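Engineer: For reference, the structure I am asking about is given below.
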Amino acid sequence: MKEIVDSIKGAWEVEARYYSGIVQDNKMIIPCISGEGVSKQLQEIARRYVDDERLDVVTMKYDDLKWKLAKADSALYGTRLIITTTE
């Protein structure tokens, strides 16, 4: 993951946030604010660098992620990384 973040420095602003209580399994979430088109493309890129057996790369709509975060939804348990845009 560090390689991906380092490769986009300068082109994009990188920010890390940590959400307490969401640490069990291994999953990366890539939401998309305009649907799931861009997140699916980022998912394909991430899968080149991530071992699918150790980390599941999941896509979802941005609004769904916001709702799940606001409700501390158990679907987020095991999330190790969220790559997203901001409003």
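The values are calculated or read from the model by the stated rules, or taken from the named source; none is laboratory data. Not measured: the values here are computed from a predicted model. Positions of Cβ are generated from backbone atoms using ideal geometry, with glycine treated the same way; all protein chains shown enter the neighbour counts. Remember, those area values only see protein heavy atoms, side chains included, never the ligands or the DNA or RNA. Shrake-Rupley method; radii C 1.70, N 1.55, O 1.52, S 1.80 Å.
Engineer: How many of the residues making up segment 14-37 are at pLDDT 65 or above and open to solvent by 80 Å² or more (accessible area, probe 1.4 Å)?
Structural biologist: 3
Engineer: Restricted to segment 58-74, and to residues that are open to solvent by less than 50 Å² (accessible area, probe 1.4 Å) and aliphatic (A, V, I, L, M), which residue is nearest to S7 (Cα to Cα)?
Structural biologist: Result: V58.
Engineer: Show the residue pairs that are 6+ apart or on different chains and have beta-carbon atoms under 6 Å apart, the first residue being within segment 45-57 and in contact (Cβ under 8 Å) with a residue 60 or more places away in the chain and open to solvent by 90 Å² or more (accessible area, probe 1.4 Å), the second being part of a helix (DSSP H, G or I) and of a type in the set (A, V, I, L, M).
Structural biologist: Within 6 Å, no pair qualifies.
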